[in-house]
1. Test Pro90 against the criterion of being outside any loop (DSSP other than H, G, I, E, B), modelled with pLDDT of 95 or more and surrounded by fewer than 19 Cβ atoms within 10 Å (Cβ to Cβ), and give yes or no.
2. With respect to Lys58, is the statement that it is part of a loop (DSSP other than H, G, I, E, B) and either at pLDDT 95 or above or buried (at least 20 other Cβ atoms within 10 Å of the Cβ) (or both) true?
3. Being under 15 Å from the mean Cα position of the chain (by Cα) and on the phi < 0 side of the Ramachandran plot narrows it down to one of Gly211, Gly168, so name that one.
4. All but one of (1) more than 30 Å from Leu132 (Cβ to Cβ); (2) free of Cβ contacts under 8 Å to residues at least 24 places away in the same chain; (3) not in a loop (DSSP other than H, G, I, E, B) hold for Asp203, so report the exception by its number.
5. How many residues are among the charged types (D, E, K, R) and surrounded by 16 or more Cβ atoms within 10 Å (Cβ to Cβ) if we restrict to the stretch 93-102?
6. What are the pairs, 6+ residues apart or on separate chains, where a residue within the stretch 168-186 that is farther than 24 Å from Ala156 by Cβ has its Cβ under 7 Å from a residue that is of a type in the set (Gly, Ala, Ser) and not in a helix (DSSP H, G or I)?
7. Can you name the residue in the stretch 61-87 that is assigned to a strand (DSSP E or B) and of a type in the set (Phe, Trp, Tyr) and is also surrounded by the most Cβ atoms within 10 Å (Cβ to Cβ) among such residues?
8. Can you say whether Gln208 is farther than 17 Å from Cys54 by Cα, out of contact with any helix residue (DSSP H, G or I) (no Cβ under 6 Å at 6 or more places or on another chain) and at pLDDT below 95, as far as the supplied structure shows?
Amino acid sequence: MDDRVTPDAAGAVCGPDGCEVPATPTAGAVLPDLAPLRPAARIDIVSDAICPWCWVGKRNMEAAMDILGREDGERFEVHWRPFQLNPDMPKEGVERAAYRAAKFGSIEKSRQLDAQLAANGAKSGLTFRHDLMLRTPNTVDAHRLIQLAGEEGGPALQNDVVEGLFRGYFQEGRDVGDRAVLAEIAGAAGMDATAVANHLASDAGEAQVVGEDAGFRQMGLSGVPTFALAGHVLFSGAMPPENMADALRRALGILREKGLIAA
């Protein structure tokens with residue numbers, strides 16, 4: 001995913017040092033009269049289970065795909081890829097308030113950032129309950145669960161598990177670094193909770209998750225969510241749905257003209 005089709009696209013993004021909300025996202029040019037009912041195009045979303053803008057970005061991308069589906073007959077298949085905002089986080093996680101105070105200089109600054117995020121999340125119909133979030137977890141096991149969901153049930157099941165993780169952490173204050181919690185979230189999405197618990201009790205998939213995360217860093221990715229179409233990076237950040245739709249339109253046209261995706 002090293003071919004940047006729309007390098008000027010911008011939006012809210014989370015990185016190791018925190019999250020930022022650019023004032024004015026840049027939209028791509030609109031390509032009219034795309035032919036309807038093409039084969040589904042693959043979108044990869046590089047994300048972390050505790051990245052607030054990744055949940056906003058998920059919701060905005062869903063709205064963007066709906067726009068293109070209604071207007072142009074486009075269909076998409078979404079795959080989730082692992083990135084750790086805190087790759088050095090202890091396995092057991094840490095107490096969130098103290099960790100955030102140390103990271104941002106004070107608990108007051110942390111609360112200001114939480115309030116800003118909650119206000120922006122509400123614009124996408126999401127409720128963030130930072131008062132319920134007591135721990136900042138290690139997310140390797142959450143990514144292993146996402147990976148397993150994709151292997152067992154494909155993009156639809158994987159998407160349901162990702163939604164469950166975001167909702168569990170940001171809205172319900174659940175510790176998504178706890179394997180028992182992860183098994184419950186998997187069960188609610190339709191997976192076999194016992195089988196998931198057994199999977200997480202092993203080291204299956206861990207090396208793949210850690211290696212993929214490291215690979216994204218080596219290619220220069222430092223913030224999420226990051227979105228790619230047919231393996232080509234489009235943009236990072238939770239842009240508004242209309243801007244995402246514009247960027248996708250332009251990228252689809254470019255990649256089809258080059259013969260990189262089906263016309």
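The values are calculated or read from the model by the stated rules, or taken from the named source; none is laboratory data. All values derive from a computational prediction rather than experimental measurement. Note that each Cβ is placed from the backbone with ideal geometry, even for glycine, and that neighbours are counted across all protein chains shown.
1. Details: outside any loop (DSSP other than H, G, I, E, B): no; modelled with pLDDT of 95 or more: yes; surrounded by fewer than 19 Cβ atoms within 10 Å (Cβ to Cβ): yes.
Spelling it out, it is not the case that Pro90 is outside any loop (DSSP other than H, G, I, E, B), modelled with pLDDT of 95 or more and surrounded by fewer than 19 Cβ atoms within 10 Å (Cβ to Cβ).
2. Details: part of a loop (DSSP other than H, G, I, E, B): no; either at pLDDT 95 or above or buried (at least 20 other Cβ atoms within 10 Å of the Cβ) (or both): yes.
The answer is no for Lys58.
3. On the way: Gly211 fails: under 15 Å from the mean Cα position of the chain (by Cα).
Only one candidate passes the filter, namely Gly168.
4. Here Asp203 clears every test but (3).
5. If we filter the stretch 93-102 for residues that are among the charged types (D, E, K, R), which is where we start, we get 95-96, 100.
Keeping just the survivors that are surrounded by 16 or more Cβ atoms within 10 Å (Cβ to Cβ) gives 96, 100.
Here the count works out to 2.
6. Asp175/Gly93; Gly177/Gly93
7. Keep residues of the stretch 61-87 that are assigned to a strand (DSSP E or B), which gives 76-82.
If we keep only those that are of a type in the set (Phe, Trp, Tyr) too, we end up with 76, 80.
Details: Phe76: 19, Trp80: 25.
Among residues in the stretch 61-87 that are assigned to a strand (DSSP E or B) and of a type in the set (Phe, Trp, Tyr), the one surrounded by the most Cβ atoms within 10 Å (Cβ to Cβ) is Trp80.
8. On the way: farther than 17 Å from Cys54 by Cα: yes; out of contact with any helix residue (DSSP H, G or I) (no Cβ under 6 Å at 6 or more places or on another chain): yes; at pLDDT below 95: no.
Taking the combined requirement at face value, the residue does not satisfy it.
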